[in-house]
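See below for the structure under consideration.
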Amino acid sequence: MPDLQQLIENSRVNESIANKLFEIETEILACQSSQELLQRLLELIKEKFTLTGISLLLAEPTPISYLLGVKLQSSWHQQNSRQVSAETLKAFHPDSKPLLCNELDSLKPALPQSLLAGAESVALIPLRLENKLFASLLFTDCDKNRFHPALGTLHLEQLGVKASLCLSNALIRDQLEYMAHYDRLTGVANRRLMESTISEELVRQRRYGVPFSLLFIDCNKFKQINDTYGHDCGDKVLTYVADQLRELIRENDHCFRYAGDEFVITLAGQSYQEARAVAKRLMAFFQNNPMPYQEQKLAVTISCGVAQSKGQENMDELLKAADQDLYRIKSAQPS
């Protein structure tokens, strides 16, 4: 039977762990997005429990890939998260419990070696969304006795449950925010966010006198593509165009899906001549890069109308000017 002093010491340790977990939970509850939550969670755990390393193992495929994909990830998330197969993750947690291990040879085939550098023991804590295992928090420590199978896992289980609940709430907010501002088919910003961005740019132009232009874009012969190849192909064309436009513009420029096969690109700080040069470059890219489709190359081209604000137009007037320029360009093209 443990002596009284040992019981008191155990009680103090448990109280200290509980207090740290409460502090972590309090801080992550204030996070406004899943990415912010994950970053803050890992930072706090590593700091408060003085771990050698910590990272997030995401099941592949993951149910939150649209939020944690490469295009939306910060550099921090790319450095601190890794993808592993769903089968590997299930093998770590067959009973949905944390895994503690200080004999790492058995784990090395399943984990990237970079995550185990300097580690002598590890803990893996499962995270679940809608009762589905989607990730595991990996703790590493240079002390071989820090994590071993004989230790209890109650506090780690509590951490996993609380982190899962907080992340689930953050993901719901993320999804609502995403649906409100981004086109679900193409992934580019939608008309609602476009209106906000253009309004801000017009205010900035009037205040500081910086140039501002935009492009009004549509896909040439899009109806013909739909009629010939079907709407599934049409959706792929729109996604292809959106992806390429987003990659071809500068970081401080923005691409929006306006309606149907129409897109708008805002060009901060660019004059009419500079915007016209951008339009020519974009049109030339699609002319020279047909879309791969069912083992063939499908010609997908665009036309671009250009308008520059003179500091007096409102958003609708500027869009109308660019649309009229687009109509002029398309009218001059051979049918």
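The values are calculated or read from the model by the stated rules, or taken from the named source; none is laboratory data. What you see is a predicted model, and the numbers here were worked out from it, not measured in a lab. Quick reminder, even Gly has a Cβ in these numbers, built from the backbone with ideal geometry, and neighbours come from all protein chains shown. Heads up: the accessible areas ignore ligands, DNA and RNA and are worked out on the full protein's heavy atoms, side chains in. Shrake-Rupley method; radii C 1.70, N 1.55, O 1.52, S 1.80 Å.
A few remarks follow.
- Residue-count net charge about residue 123 - beta-carbon cut-off 14 Å; Lys, Arg +1, Asp, Glu -1: -1
- Residue-normalised accessible area of the chain, expressed per residue, 1.4 Å probe, Å²: 54 Å²
- The value of relative contact order for segment 101-236, using C-alpha pairs under 8 Å at least six residues apart, is 15 percent.
- In segment 110-220, the alpha-carbon atoms span a convex hull of 246 Å³ per residue.
- Computed over segment 176-335: relative contact order in percent, which uses C-alpha pairs under 8 Å that are six or more apart: 29 percent
- Electrostatic dipole magnitude of the chain [Cβ: Lys, Arg +1; Asp, Glu -1; Cα centre; debye, to 20]: 860 debye
- With Rh defined as the Kirkwood radius, the inverse of the mean 1/r over Cα pairs, the Rg/Rh of segment 160-268 is 1.09.
- Relative contact order of the chain: 14 percent, from C-alpha pairs under 8 Å at least 6 residues apart in sequence.
- Accessible surface of the chain, 1.4 Å probe: 51 percent of it comes from carbon and sulfur atoms.
- Volume per residue for segment 201-244 equals 91 cubic angstrom (convex hull of Cα atoms).
- Helix-only mean residue ellipticity at 222 nm for the chain, each DSSP H run of n ≥ 4 adding -39500 (n - 2.57), per residue, nearest 500: -16000 deg cm²/dmol
- For the chain, with +1 on Lys and Arg beta carbons and -1 on Asp and Glu, the positive-most of 94, 112, 142 along the dipole: 112
- Per residue, the convex hull spanned by the Cα atoms of the chain measures out at 178 cubic angstrom.
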